[in-house]
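The values are calculated or read from the model by the stated rules, or taken from the named source; none is laboratory data. Treat the numbers as computed from the prediction; the structure is a model and nothing was measured. As a convention, Cβ positions derive from the backbone with ideal geometry for all residues, glycine included, and neighbour counts pool all protein chains shown.
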Amino acid sequence: MTEYNDKPVKWMLYPSIIFMVIGMLVGVFASVNGFILPDYFAGEYIHFGRIRPVHVSHVTLLWLLAADMGLIYYIVQRLTGVPLWSHKLAIVTTIGYWGSVTLGTYSLPFGTNAGWEYAELPMLLGFLPIKWLVEASWGLFAVNIFMTIANRKYKKMYVSLWYTMGTLLWTTFVYAIGNLIMDLVPYGISRVNVNFFYVHNLVGLTFTPLGVAIAYYFIPKTANTPLYSHKLSMIGFWSIAFVYAWIGAHHMMHGPISQWLQTVAVVFSVWLWIPVWTVVTNFFATMKGQWGQYATSAPVRFLMMGTVFYLLVCLQGPLQALRNVNEITSKTDWIIGHAHMALYGTFTFFAIGGIYHAIPQMVRKPLWSQALADWHFTLSLVGGMVFFVSLWVGGFLQGLTWANWVNGSSYAEFHNNLSQMSFLQTVSDMWVWWALRSFGGALIAAGGVLFAINMFNTVVLKGNEEMQKGAEA
């Protein structure tokens with residue numbers, strides 16, 4: 001039986017869970033101190049402009065991307081039938097990634113923010129080229145995975161490997177564009193356009209294919225049932241490869257960019273329904289006759305609820321790209337709710353579902369507490385729904401209020417609308433929705449703490465001897 005090298009998996013997963021909890025707690029603090037009790041805790045290093053990127057960097061790079069990398073280490077070895085190509089390369093990757101991202105993130109309260117969405121890490125921190133180190137670490141990770149796949153024992157490649165290989169190439173390019181080449185682009189709308197290419201493709205060509213690759217492996221694995229359709233999965237892979245790179249401009253609708261670029265973004269946004277339909281159909285069809293496991297299996301529960309959120313977020317995305325809808329939702333808190341349902345409701349749920357399966361298998365112990373896992377899911381789902389819906393409803397009302405300013409047929413009527421409804425009043429009207437957002441975020445963070453406790457005890461406490469002696473699945 002093949003002996004897999006799971007040390008690199010643990011090096012990525014264990015710290016990522018800790019950073020997930022920290023990121024969630026920072027997010028709750030930012031939501032309360034920034035919006036509910038503005039600057040109740042005041043200070044140069046903890047105001048919203050410094051704290052918000054710390055939260056973003058935690059939940060995207062220190063948690064989600066790191067967890068996805070760990071899970072890719074796990075599934076690639078099992079889908080190829082061979083251990084990881086280079087243990088030493090994995091060590092260098094781990095040191096480079098954790099060192100650069102951690103130093104960069106924790107420097108942000110001291111004013112090192114590079115100033116671009118999802119690209120806040122400083123280019124240089126002292127003599128350390130932080131962004132170059134992140135790119136280099138990802139490159140080493142990609143080499144290790146590609147070489148493992150090239151030396152595989154099983155010649156037929158499962159769809160998770162296709163999504164993984166695509167992500168390795170896409171992310172190398174996308175991260176370089178958004179972080180290393182950005183400074184070479186002329187100032188103004190050109191640089192903004194490049195930034196939104198990066199922002200949307202970090203979600204669409206990094207977190208989406210990684211999350212889908214993980215779900216394609218763990219849904220059949222945890223449910224102990226074959227995938228419904230490999231052909232359908234490949235349609236989804238090639239369609240997302242073709243469609244996703246073109247849609248970032250839908251964040252700048254009605255802005256000072258070319259109309260043809262806006263139209264291209266709308267058309268390709270609508271076409272996103274093709275890969276989404278293939279994924280959702282495949283996952284639900286795979287679970288046919290297996291839904292009883294939803295009530296008993298934490299991994300199945302997180303993976304399938306993540307699939308539901310994936311469907312919802314990918315219905316929202318194309319709809320809010322349409323010009324008439326975009327007039328209302330753009331730049332409002334609706335977008336914040338939409339983004340959190342993608343990165344938390346979908347891809348964090350996928351990662352958590354994978355971790356609930358992988359860690360007990362690696363340490364050859366049963367999950368420490370099923371009850372704790374149940375509470376984790378309940379708090380995550382309820383908190384997530386409160387969080388998402390409050391921002392959708394509040395953001396849509398916010399957008400309608402802003403849209404009312406343009407009623408009227410003359411400048412005098414338009415100016416009268418402005419005088420009657422100030423922008424600050426629309427901010428004040430959001431307080432109740434922001435309070436609900438903070439409550440939902442607190443529930444999510446509480447669930448994250450339970451998850452971390454459960455994983456810690458699963459790893460360190462004595463497990464079932466029979467499982468310890470059994471072969472790893």
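Name the one entry in 114, 90 that is among the small types (Gly, Ala, Ser), crowded, with 20+ Cβ neighbours inside 10 Å and touching a Leu at 6+ places or on another chain (Cβ under 8 Å). Steps first, please.
Working: 114 fails: crowded, with 20+ Cβ neighbours inside 10 Å.
Among 114, 90, only 90 is among the small types (Gly, Ala, Ser), crowded, with 20+ Cβ neighbours inside 10 Å and touching a Leu at 6+ places or on another chain (Cβ under 8 Å).
Exactly one residue among 354, 383 is assigned to a helix (DSSP H, G or I) and under 15 Å from the mean Cα position of the chain (by Cα), and that residue is 354. Number of residues in the stretch 117-131 that are within 20 Å of the chain's Cα centre (by Cα), part of a loop (DSSP other than H, G, I, E, B) and buried (at least 18 other Cβ atoms within 10 Å of the Cβ) equals 4. Please tell me if residue 205 is within 21 Å of the chain's Cα centre (by Cα) and in contact (Cβ under 8 Å) with a residue 40 or more places away in the chain. Yes. When residues in the stretch 233-245 are screened for being within 26 Å of residue 334 (Cβ to Cβ) and crowded, with 19+ Cβ neighbours inside 10 Å, 3 of them pass. Does the stretch 248-263 include one or more residues that are in contact with a Gly (Cβ under 7 Å, 6 or more places away or on another chain) and either part of a helix (DSSP H, G or I) or surrounded by 19 or more Cβ atoms within 10 Å (Cβ to Cβ) (or both)? Scanning the stretch 248-263, I find no residue that is in contact with a Gly (Cβ under 7 Å, 6 or more places away or on another chain) and either part of a helix (DSSP H, G or I) or surrounded by 19 or more Cβ atoms within 10 Å (Cβ to Cβ) (or both), so the answer is no.
Quick test for you: out of 41, 19, 29, pick the one residue that is under 23 Å from residue 444 (Cβ atoms), surrounded by fewer than 18 Cβ atoms within 10 Å (Cβ to Cβ) and in contact with a helix residue (DSSP H, G or I) (Cβ under 8 Å, 6 or more places away or on another chain).
Values: 19 fails: surrounded by fewer than 18 Cβ atoms within 10 Å (Cβ to Cβ); 29 fails: surrounded by fewer than 18 Cβ atoms within 10 Å (Cβ to Cβ).
So the residue among 41, 19, 29 that is under 23 Å from residue 444 (Cβ atoms), surrounded by fewer than 18 Cβ atoms within 10 Å (Cβ to Cβ) and in contact with a helix residue (DSSP H, G or I) (Cβ under 8 Å, 6 or more places away or on another chain) is 41.
In the stretch 180-232, the qualifying residues are those that are closer than 28 Å to residue 352 by Cα and polar (S, T, N, Q), and the one that is surrounded by the most Cβ atoms within 10 Å (Cβ to Cβ) is 208. Taking the stretch 141-179 as the range and being surrounded by fewer than 18 Cβ atoms within 10 Å (Cβ to Cβ), part of a helix (DSSP H, G or I) and of a type outside the set (Val, Ile, Thr) as the test, the residues that pass are 146, 147, 150, 169, 173, 176.
So that you can scan it fast, the table gives a plain yes or no per residue for (1) surrounded by fewer than 18 Cβ atoms within 10 Å (Cβ to Cβ); (2) of a type in the set (Phe, Trp, Tyr); (3) free of Cβ contacts under 8 Å to residues at least 60 places away in the same chain:
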residue	(1), (2), (3)
383	no, no, no
388	no, yes, yes
391	no, no, yes
409	yes, no, yes
412	yes, no, yes
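Entry remark, the stretch 251-271: residues being in contact (Cβ under 8 Å) with a residue 60 or more places away in the chain and under 19 Å from the mean Cα position of the chain (by Cα) number 1 in total.
Here is a yes/no grid of residues against (1) within 21 Å of residue 250 (Cα to Cα); (2) buried (at least 22 other Cβ atoms within 10 Å of the Cβ); (3) without any contact (Cβ under 8 Å) to a residue 60 or more places away in the chain:
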| site | (1), (2), (3) |
| --- | --- |
| 291 | no, no, yes |
| 294 | no, no, yes |
| 311 | yes, no, yes |
| 355 | no, yes, no |
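Evaluated against (1) touching a Pro at 6+ places or on another chain (Cβ under 6 Å); (2) closer than 29 Å to residue 288 by Cα; (3) among the aliphatic types (A, V, I, L, M), residue 189 falls short on exactly one condition, (2). Per this entry, residue 107 is counted among residues that are of a type outside the set (A, V, I, L, M) and in contact with a strand residue (DSSP E or B) (Cβ under 6 Å, 6 or more places away or on another chain).
Just name the residue that is surrounded by the fewest Cβ atoms within 10 Å (Cβ to Cβ) out of those in the stretch 1-16 that are part of a helix (DSSP H, G or I) and of a type in the set (A, V, I, L, M, F, W, C). Walk me through it before giving the result.
Just the residues of the stretch 1-16 that are part of a helix (DSSP H, G or I), to begin with: 7-16.
Retained after the next criterion (residues that are of a type in the set (A, V, I, L, M, F, W, C)): 9, 11-13.
Details: 9: 24, 11: 21, 12: 24, 13: 26.
The extreme case among them is 11.
Of all residues in the stretch 182-202, count the ones that are without any contact (Cβ under 8 Å) to a residue 12 or more places away in the chain and either more than 16 Å from residue 252 (Cβ to Cβ) or not small (Gly, Ala, Ser) (or both). Quick ask: steps written out before the conclusion?
If we filter the stretch 182-202 for residues that are without any contact (Cβ under 8 Å) to a residue 12 or more places away in the chain, which is where we start, we get 184-188, 190-191.
Filter once more, keeping what is either more than 16 Å from residue 252 (Cβ to Cβ) or not small (Gly, Ala, Ser) (or both): 184-187, 191.
Matching residues across the stretch 182-202 total 5.
Against the criterion of being at pLDDT below 95 and touching a Gly at 6+ places or on another chain (Cβ under 7 Å), residue 423 does not qualify.
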